[in-house]
Every structure is written in C-alpha cells, then in structure tokens.
Amino acid sequence: MIERMHCKKAVSPKTGIYPRLAAACLVPVFLGGLASGGHAQLRPGSIDNLPALGEASVDELSPAAEQRLGDQIYQEFLRIGVVHDDPETTDALSRQANRLLSAAGALGHLEAQRPFRFFIVKDPSINAFALPGGYIGIHSGLITASDRESEVMSVLAHEIGHVTQRHIARMFGQQRQSSAVMIAAAVLAAMAARASPDAAMGVMSLGQTVAIRDQLSFSRDAEREADRVGVQILTESGFDPAGMASMFERLSQAGRLYDNNAPAYLRTHPLSTERIADIQGRLQSGAYQSRGQQGNLRPLITANSTAYDWIRAKLIASADLKVDGLRAARQRLELQLKDPKKSGPATLGPLHFGVSWAALLQRDFVAVAHHLRLAREQAEIGGFVQEVAPFLAHLQIQWAIAANESQLIDTLSQQFFKEFGDHRAMVRALIEARLLAKQPLETTARFARIATQQWPHDPQVWALLARTELASGRRAAQHAAIAEQYVLSGAYAAAIEQLSLARTAGDADFVAMSKIDARLTTIRAILRREQLERQQSNR
C-alpha cells in the first residue's frame, strides 16, 4: 500500500514554525502502518532540521547522535501537535513508569544519566513506540483498552528494553546515512498526520516514496531480548509480570479478530507464538521473581493503582471530542455505573469522575457538579480521597473556568496553589483561571514564574507566563517567555527573533538584559551547530 498526501506548505520561511492548521500535512499514516509495509512521500528539504547521524560505516549511532536525533524528533512532535497536552495523565503515568526506570537501574540495564521521557499520543489505536534518545510514546487507546495497569506497564517495560539494549541505535546506525535520515523523517511524517488528514489534502507533493518496512521492524532476536529485559524490569519494579503474558494474549486475540486491521502494536512489534510461549514458560518456571535483600520473595502488585483507574476514566471520557463521541463515552460510563457487577468505591469513584469529565466537555454543568460530588463521596468511603484530591480539585477549577465562575475561582485559587502546587495540571489551570477572571496580575505572574522553574520543559507553562507578562505590560519579559516556548519545539530562529524583540522593548533592567543577552548567545550557538550538521550531512 502506498499512502499519498498533498498539503499546503507547513513551514513559515521566516520563523520555521508550523501553523496549527498544517499540523497534519506530512503523511496520513501512523507508525504501525509504516512498519507494516506503508510508504511515505517526503519532500526534498523536509528533513533539513534532522541531525547528522555519523559515518555511514558505523554499526550503531553514538549515544550523543542518538540523543540529538531523539530530541529533534520530539521537538517536531511538539511543534506539530502530536504530543497530547494532558499533563495530569502524562504525569500520573510517568510516575508509574519511573518505577520501571528505577528497576532497570537496579538490574544494571540503565546507563547512568540516560534521560527518558514518556508522552501521550491522542489516538484510539493500541500502540506504543520508542524513539531514539529515550522518548517513549503511549497511545491513549492502549490505556483505555487495558483493564489492568500491569498490562500497560508491561508494554512500557518492553519499550524501555528496546532503548536500554540499544536496538534503536543499531537499527538506525546499520542503515546508510541518507537512509537513516529518511527513516527519521518518515516517523515524523507518520505521527504528524494523525491530527487531521482531510485538512492537508491538495497542494504539494512530498517527494519520492521511501519503502521502510525492513528498517523499522525490530528483528526477532531484538523482540525476544526486549521481552526478557522488559519482564525482568516489570518484576523488579513490583508489577505483576503476568501482565506481559496477558497483554500478549489480548494482542494475539485482537490480531485474529481483525486480521489486516490488527492493533498497530502488532505491526511494529510482530508477535509470534514463540514469543508468547517463551514468556509464559519463563513465568511458569518462576524464572522471574522479585526478592528482597534477605532473599525473601516480595509480593507483587496485582491491583491497579488508584491514579491509573481515574486517569483511564478521564481518557475514556475525552477520547472523541465530537458531539457524538462525547455522548457515546458518557453513555458507556453511565451504563457501567448501572451495572450491578460494578460496585465498591474503587470502581464507582473513577466512573463518576469520568462521567463528570464527559459532562464538562458537553458543558452540562449541573451533571458535572453532581458526579463530582459522588466521585468525592466514593473516594471518602474508600479511604483514598487524599490520593485523588488533586484530580477532583483540578476538575473543579476547570468547571469554574468553563462556567465563568469568577468568584469561585478567586475563592479556590489561593487554597489550591498551597495544597496542589506540585500538580502541574492544577497549577496551569489556576493560572489560566486567574487570567480569565482578571485576578491580581502580580500574584498571577509570581505563580507563573514559579511554574516555569518547576516545569521548564512544558511549552504551555511558558505560554501562560507570556500571557501574564503581556497583561502586566512587561513586553521584554513577554518576548523572553515566548522565546523559551519556541526553544522547546526546536524553533531556534523564532526564539532568536523574540529575544531580539525583548532587547528592544525598552522595559528590561540591567539584570534582565544580561539574561536576555546570555540566552541569545546560547541559542545562536545551538542554531549554528545545527546548521553545521546539516551542511555535513548534505556533503
């Protein structure tokens, strides 16, 4: 199958920024489609912003080259909207995934100082993927389709195994320089196209077709190794390793049911009966058991964490934001509430939470309040209200924003900043709420500056600071904040332009000007390095 797409030019020649409308204009296939035999058409020059990968004769990427490639692919994902901006879900999932990383380190699989970043892709397909440099993407469909948290963690442990065993670095390094860069561009193109393929039809061909099935598919040996490393990590972290076997069974069953439309994960990670039998045999033999320092067996976690059930309900509620999609999601959750088999606070609490989110997206504010109250009651009955308090508070402030309850925002903001200052979604929502309600700007700006210190890698935090500084009339600070937002998406030319505007704004003191000049020097150096790499790769 050859997928073709035409699109409007997506890059501004002045700033290098992709307009939001053109976010989907690269190729209307996703990563699984590419790995299963899809083809991508790429315009010459569309990969100019990717780094040089080294000499063609090298068998694998150096760690530095791998990291640069991963950074730039992720920056592109940010720029074109592939990364789902839901900090509440991302942070909750990352906290659990960090347990896997700690286990990988304890087992000796993790290189010192290797960074990992987990991010959500809003897509209903059952899929996850690892990029160079420790970036791991999780499709929302993987979470909503899995009842057990250990199943999702087994997939992440498998992807961590691919990274730690340097399968990705070898896969790219074994190709010639030009082929590896084209593969990287194809991955970008595939994921970018998920936003809105229809909006991107019609103007410009993206160049020569590139067949990449063999390049993107991991070998059988690599898959087996990632399985074994992954289940070791899963066990050491305390998750039930049977989650990997049950996930294999779930994927295998889906593959039999849907044939050519099998889950995307099966197309990028072909699942054989040999792999299933290997893991099941090792689990049955007791090859994977977690032991404490005294050699005693440690109990494994078989139940879902409270946070997992609640974020899963939220993802179900917000899976499809169209009118019919929201109605269907709410009906699905409400039917489960009526199911006599669904009982107990641990089950009913997240269901009410999910219905409340669906109602909020439908702007049914009465239902929001009703189900929010019931969710809180179930949490109190179950004794886990402290665990979910940030989720409930965040939903409450989002309700206040949507309903334009400025007095409620004023009442809640100071309290919530004190109680939930480490909850990124809450802090962002509170800053947004205070801006909309025109609360005292100096306090809001202080909150925003603290947020950029806590989460410097969040582009939306910098965008909120820029809005706050603009409202306060601090133009230099506004441009400097926008520059940092651009840096995170790799738009260095645009960042330099913003910092230049900050220098000429006329309202920066000596200290602020010194910081602006220092940042300009740093970003110009990064841009020169990238330009040099592009020149080297084109020789």
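The values are calculated or read from the model by the stated rules, or taken from the named source; none is laboratory data. Here the structure is a predicted model, which means the values were calculated and not measured. In this analysis, Cβ positions are derived from the backbone assuming ideal geometry, glycine residues included, and neighbour counts consider all displayed protein chains. Ligands, DNA and RNA are stripped out before the accessible areas are found, and what is left, the full protein with its side chains, is counted by its heavy atoms. Shrake-Rupley method; radii C 1.70, N 1.55, O 1.52, S 1.80 Å.
Length available on full extension from Asp324 to Gln253: 0.36 nm per residue minus the Cα-Cα distance, which gives 22.7 nm. Counting only protein heavy atoms and a probe of 1.4 Å, the accessible surface of the stretch 94-158 is 51% carbon and sulfur. In summary, the aspartates and glutamates within cross-link reach of Lys342, defined as a Cα separation below 14 angstrom excluding same-chain residues under 8 places away, comprise Asp147, Asp309, Glu334.
Under 9 Å from the Cβ of Arg228, count the other residues' Cβ atoms, weight Lys and Arg +1, Asp and Glu -1, and hand me the total.
So the environment of Arg228 carries a net charge of -1.
Under 5 Å from the amide H of Ile120 lie the amide H atoms of His84, Ile138, each residue being 5 or more positions distant or on a separate chain, with H modelled from the backbone and absent for Pro and chain starts. The packing ranking of peptides 420-433, 331-344, 364-377, highest mean first, is 420-433, 364-377, 331-344, where packing means the average number of other beta carbon atoms within 10 angstrom of each residue. For the stretch 413-509, report the % of Cα-Cα distances exceeding 22 Å. Result for the distance tail: 27 percent.
Would you please classify the overall shape of the stretch 347-467 from the alpha carbon gyration tensor, given that a ≥ b ≥ c denote the square roots of the eigenvalues, rounded means a/c under 1.5, and beyond that prolate means a/b larger than b/c while oblate covers the rest?
It is prolate, given that a/c is not under 1.5 and a/b is the larger ratio.
Applied to the stretch 390-400, the Karplus parametrisation 6.51 cos²θ - 1.76 cosθ + 1.60 on θ = phi - 60° returns per-residue 3J(HN,Hα) values of x, 5, 5, 5, 5, 4, 5, 6, 5, 5, 4 Hz, with x for Gly and Pro. In order along the stretch 304-309, the Karplus-derived 3J(HN,Hα) couplings, from 6.51 cos²θ - 1.76 cosθ + 1.60 at θ = phi - 60°, round to 5, 5, 4, 4, 4, 4 Hz, and Gly and Pro are given as x. Applied to the stretch 234-246, the Karplus parametrisation 6.51 cos²θ - 1.76 cosθ + 1.60 on θ = phi - 60° returns per-residue 3J(HN,Hα) values of 4, 5, 4, 7, x, 6, 5, x, 4, x, 5, 5, 5 Hz, with x for Gly and Pro. Report, for the stretch 113-169, the % of DSSP beta bridges that are antiparallel, rounded to 5. Antiparallel bridges: around 45 percent, rounded to the nearest 5. For the stretch 462-539, with equal point scatterers placed on the C-alpha atoms only and solvent neglected, what are the log10 I(q)/I(0) values from the Debye formula at q = 0.11, 0.21, 0.26 1/Å, to two decimals? For the stretch 462-539 at q = 0.11, 0.21, 0.26 Å⁻¹, log10 I(q)/I(0) is -0.30, -0.86, -1.17. Using a cut-off of 26 Å between Cα atoms, the listed pairs Lys314/Lys338; Lys122/Lys338; Lys438/Lys515; Lys338/Lys418 include Lys122/Lys338; Lys438/Lys515; Lys338/Lys418 as exceeding that distance. Close amide H contacts of Ile301 (hydrogens built in the peptide plane, cut-off under 5 Å, sequence separation of 5 or more or a different chain): Phe239, Asp240. For Thr164, the solvent-accessible surface with a 1.4 Å probe is about 20 Å², rounded to the nearest 10.
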